[in-house]
Amino acid sequence: MRASESLRPPRLALAVLLLFAGACGSLRGTHRSAQFPVQTIARYEDARDDGDGLLETLLASGSEPTRERAAFALGRLPFPGSGATVTAALCSALVDESPRVRAAAAFALGLRADPGAADALLLRQSDAESAVRARVVEAASRIDDGRLRALVLNALEDPSEVVRAEAAIGPHRWKPDAPDADEVDEALLDLTREATRAGETWRALFSLARRKCELARGAFEAGLSCSDARARIFAAQGLKSLPHKRSSDDALRAALSDADWRVVCEAALALGEHPDPEAVPELSRAMEHASAHVRRCVAEALGHFAASKDAVRPLLERARVDVSANVRGAALVSQVRLQGDEVASEVEALADREDPRLRAGAATAAALLPDGKAVPLLVRLSKDKILRVADIAARGLKDHPTPEARARIAALLEDGDNGLRLAAAETLKEIGGPEDLERLGRCLATSRGDISGEIASNVLDAAARIGGETARGILERGTSHSDPFVRRKAEALLAKSFPGSRVTSARLPENRPSRVPLPGIDYPAGGPNPRVEIVTNRGSLVFELLRDETPVHVFNFLALARRGFYDGLTFHRVVPDFVIQGGDPRGDGNGGTTWRGVSLRGEFTPRKFSRGSLGMPRNDDPDSGGCQIFVTHRETPHLDGRYTLFGELREGFDVLDAIEVGDTIRKVRILGDVAPR
């Protein structure tokens, strides 16, 4: 029986089900009966199925909590696959008597980004409740419509701070070369001049930085002196994206003395984009910073100072003996940038070191060497026993398309390890040719298990870029793939690359088989949120998990923690002033296990990523969550509504700041929660 059939009630019984669901909203009876509508919605939401209109009906006629939950569930259905019916139901809910339901409906429309919702959103821009207006503004910023952009800009003057905050963030999603770009930039610049509106200032600087706005140069330079560290961070990012100018360099050099390590990282990286010899003394002092993240960023920046090679060389030599292996690796990469094959022997020596972090640095550096020295080393490192090292080396081969490198990529495409297959497929997206299509087709047909859907997605992208009748055949086979995201991508690529193609494959169920954790059955309904302690070699991180907002992700994390799954795993990725990421049993970022063996559906919510937010990594498929976790160093608005945020750091911010690549999760302890029945 297909999973969708096991979930869907017979049509004759639908009316009875709805009557019972509606009654549960007012029942004060058993705990289980009160949870019945929520459990029903949870099953359909996880299946990405509206239950033949059941969710739309519950949105219109359930209790307030039921209507709110139904709105979120409908917003998470894939668009345009779910079509106008879902959007129409959510638009109708924008006039619900409950502000909670109206806000949920507006947020859901933003997730779907259906242009057909524009008129309904315009009608709700003056809603009496600020929480609703905020979600309307957020949704409007996600839809490409000039009228909605005007709505967002008008909201910059809203009396509510929460609405203005959404309006300041929204423009970062828009094309910076749109006809109204100057109007948008000027409106944001006005916010940076309002000294009393600090909350909007950093958000405006963030949007202007993402838009690479030259008009904002003065605002960025002034922002580096703002009392709010967030404003200083985004001001430095803004200057990094702009052409070189002396006044900007002066401001960035001064920022190297900032009290916040995150600002110093951004200033160093920005100076690396504009390598002025006068910055070398300040960078030299920053190389003594207490934070390894700062020293790593300085080492990376120095690799761009080709005109100051002699002055920079002693600094990199000093960094090569840093206590942090990550700083040492970054310094080697910069040395290769500046000195080329003069330091090839040092790269080769590092490739033989026992510490995998150093071998990973060697793999990164090797890709910058000339073909003759790079390829043999990358081929060797692509066979490393540590998958993270092998993955970096395999991806480095794309910059050296010699016969030997291409042969290794071809072999990786049929490797027994899915992570290496993925690296090869992603490489061929950029350098693949007609001679690779046969192997790409075999890779699509033979990839099974963990991340096979991601492999297939990249194979399709590679085939579409290469083109030709063989590529058409690969895309047609993709329309029958077991993964619904892959099927949708194959159909879209066929329509774009081969107009007029007819998809004749059998239609498979949209959902995957799943076990859905249910409130009142698999975990407590109500009560305090669970807390967990992630014990690392640097100290402990204590998180509150947001079970009411993201129940499946929280259940998954707790279930894996109870098994001891995370004990001994590493943090394989750290981007200073962005995230730390770990929890992958493979150690290379390609693992995706869950407690049920099936990927987690995205549970995107209105909650914003801030310093210490616990999130779920994913690939291009929004429903590809697994076992990995990331924690943010700061506000990251470009992740909001696009990644699942399922916890918040409550203790251990100093530990968060200290964690580097290679650090270890010793144990995850569950604090004060009830085990599932």
Going through the range 380-394 in order, the residues found to be crowded, with 21+ Cβ neighbours inside 10 Å and in a helix (DSSP H, G or I) are L381, L387, R388, V389, A390, D391, I392, A393, A394
Residue pairs qualifying under the 6 Å Cβ cut-off, at least six apart or on distinct chains, with the first in the range 293-308 being among the aromatic types (F, W, Y) and the second being open to solvent by less than 10 Å² (accessible area, probe 1.4 Å), are F305/V312
Within the range 91-132, residues being assigned to a helix (DSSP H, G or I), open to solvent by 40 Å² or more (accessible area, probe 1.4 Å) and not small (G, A, S) number 6
Just to be sure, is G62 under 25 Å from the mean Cα position of the chain (by Cα) and open to solvent by less than 20 Å² (accessible area, probe 1.4 Å)?
-> no
Has the range 304-325 got at least one residue that is under 20 Å from V263 (Cβ atoms) and part of a helix (DSSP H, G or I)? no
Review point. Residue check: is G592 at pLDDT below 95, open to solvent by 10 Å² or more (accessible area, probe 1.4 Å), small (G, A, S) and over 20 Å from D663 (Cα atoms)?
Key: no
Okay, helices (runs of 4 or more DSSP H) sitting entirely in the range 215-297 with 2 or more residues that are modelled with pLDDT under 95 and not aliphatic (A, V, I, L, M), I get 246-255
Practice problem: Test F609 against the criterion of being open to solvent by 20 Å² or more (accessible area, probe 1.4 Å) and among the hydrophobic types (A, V, I, L, M, F, W, C), and give yes or no. | Solution: no
With the first residue restricted to the range 46-74 and required to be at positive phi, and the second required to be open to solvent by 40 Å² or more (accessible area, probe 1.4 Å) and assigned to a helix (DSSP H, G or I), Cβ contacts under 8 Å at 6 or more apart or on different chains are G51/L7; D52/R11; G53/T85
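To keep it simple, each residue is scored yes or no on (1) closer than 24 Å to D584 by Cβ; (2) crowded, with 19+ Cβ neighbours inside 10 Å; (3) without any contact (Cβ under 8 Å) to a residue 60 or more places away in the chain.
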residue: T402; (1), (2), (3): no, no, yes
residue: A405; (1), (2), (3): no, yes, yes
residue: L422; (1), (2), (3): yes, yes, no
residue: S447; (1), (2), (3): yes, yes, yes
residue: N458; (1), (2), (3): yes, yes, yes
residue: A471; (1), (2), (3): no, yes, yes
residue: E476; (1), (2), (3): no, no, yes
residue: F485; (1), (2), (3): yes, yes, no
Selection from the range 362-372 of residues open to solvent by 10 Å² or more (accessible area, probe 1.4 Å) and closer than 13 Å to A351 by Cα yields T364, A367
Restricted to the range 651-669 and to residues being charged (D, E, K, R) and open to solvent by less than 30 Å² (accessible area, probe 1.4 Å), the residue farthest from the chain's Cα centre (by Cα) is D663
Scanning the range 313-350 for residues that are of a type in the set (G, A, S) and buried (at least 22 other Cβ atoms within 10 Å of the Cβ), the one farthest from the chain's Cα centre (by Cα) turns out to be A319
Taking the range 526-546 and the residues there that are open to solvent by 20 Å² or more (accessible area, probe 1.4 Å) and outside any strand (DSSP E or B), the one that is modelled with the lowest pLDDT would be G526
Expected single match for in contact (Cβ under 8 Å) with a residue 24 or more places away in the chain, of a type outside the set (D, E, K, R) and more than 19 Å from H638 (Cβ to Cβ) among A216, A286, A259 is A286
Regarding the range 607-623, can at least one residue be identified that is of a type outside the set (D, E, K, R), within 15 Å of R76 (Cα to Cα) and either in contact with a Ser or Thr (Cβ under 6 Å, 6 or more places away or on another chain) or free of Cβ contacts under 8 Å to residues at least 12 places away in the same chain (or both)?
no
Report yes if E157 is more than 20 Å from F220 (Cα to Cα), free of Cβ contacts under 8 Å to residues at least 24 places away in the same chain and either touching a strand residue (DSSP E or B) at 6+ places or on another chain (Cβ under 6 Å) or of a type outside the set (A, V, I, L, M) (or both), otherwise no. yes
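The values are calculated or read from the model by the stated rules, or taken from the named source; none is laboratory data. Because the structure is predicted, anything quoted here is derived from the model rather than measured. Note: ideal-geometry Cβ built from the backbone for every residue, glycine included; neighbour counts use all protein chains shown. For the accessible areas, the whole protein counts, side chains as well, though only heavy atoms, and no ligand, DNA or RNA atoms are used. Shrake-Rupley method; radii C 1.70, N 1.55, O 1.52, S 1.80 Å.
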